[in-house]
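S.K.: The structure is given below, and queries will be raised subsequently.
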Amino acid sequence: MARTPDKPSFEQALTILRSHSFDVAPFAGVAGGMLVSKHGVAAILVPDRGLGNAKDAPAAFAIHPGVLVRGEVARLLDRGYQKFIKTSKFELPATASQLQAIHTFSEELKLLIGDMSLYNESLGTTSDLYQYDRLQGREVEQPAPASPWELADGH
């Protein structure tokens, strides 16, 4: 049985990313987070404290890859008929070039930090949120309909 290679530590992963032309900078919004960006797409990486000691902890995603909009990593929202780039202030339709950039960035980043690449993610860009318009409002619990054989008003 083949042995899986060990993941690089967080600091080693940052060094590897810098050597592959990624911009790496501290991110104030997440404790210990580093903003990793390339070609207008970014993600926030943190040391994964649950999988090792503090020194050898591998990199983990605090915020998954998305388009960088005014210093914020935007989330990808799928509305069924179209994908959108969503930030705390804006919601813009995603273009094909943005989706391709997110996909390329995600695949390269996962390869370099030793993260698992899943089959469905390799087929195309996956979204962070799914909000289909025909399903909106269905999450509210509806009262059960009355059975026709039960008497109403105690009769």
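S.K.: Give, in nm to one decimal, the length gained when the segment between TYR81 and GLN100 is fully stretched (0.36 nm per residue of separation minus the Cα-Cα distance).
M.R.: 5.1 nm
S.K.: Do any chymotrypsin sites (Phe, Trp or Tyr not before Pro) in the range 32-86 lie in a loop, going by DSSP, with at most 14 other beta-carbon atoms within 10 Å of their beta carbon, and if so which?
M.R.: Loop-located and lightly packed - TYR81.
S.K.: Work out how much length TRP149 to SER117 would gain on full extension: take 0.36 nm times their residue separation and subtract the Cα-Cα distance, in nm to one decimal.
M.R.: 6.0 nm
S.K.: Just round it to a whole percent: the fraction of Cα-Cα distances in the range 1-117 exceeding 20 Å.
M.R.: 43 percent
S.K.: Any idea how far apart HIS64 and THR15 come out in nm if each label point goes 7 Å out from Cα toward Cβ?
M.R.: Result for the modelled spin labels: 3.1 nm.
S.K.: Among 35-45, 90-100, what's the highest-first ranking by average C-beta atoms within 10 angstrom per residue?
M.R.: With the highest mean Cβ count within 10 Å placed first, the list reads 35-45, 90-100.
Throughout, read-outs are computed from the coordinates displayed, never taken from laboratory work. From a predicted model like this one, the values you see are computed outputs, not experimental measurements. Cβ: placed from backbone, ideal geometry, glycine included. Neighbour counts: every protein chain shown.
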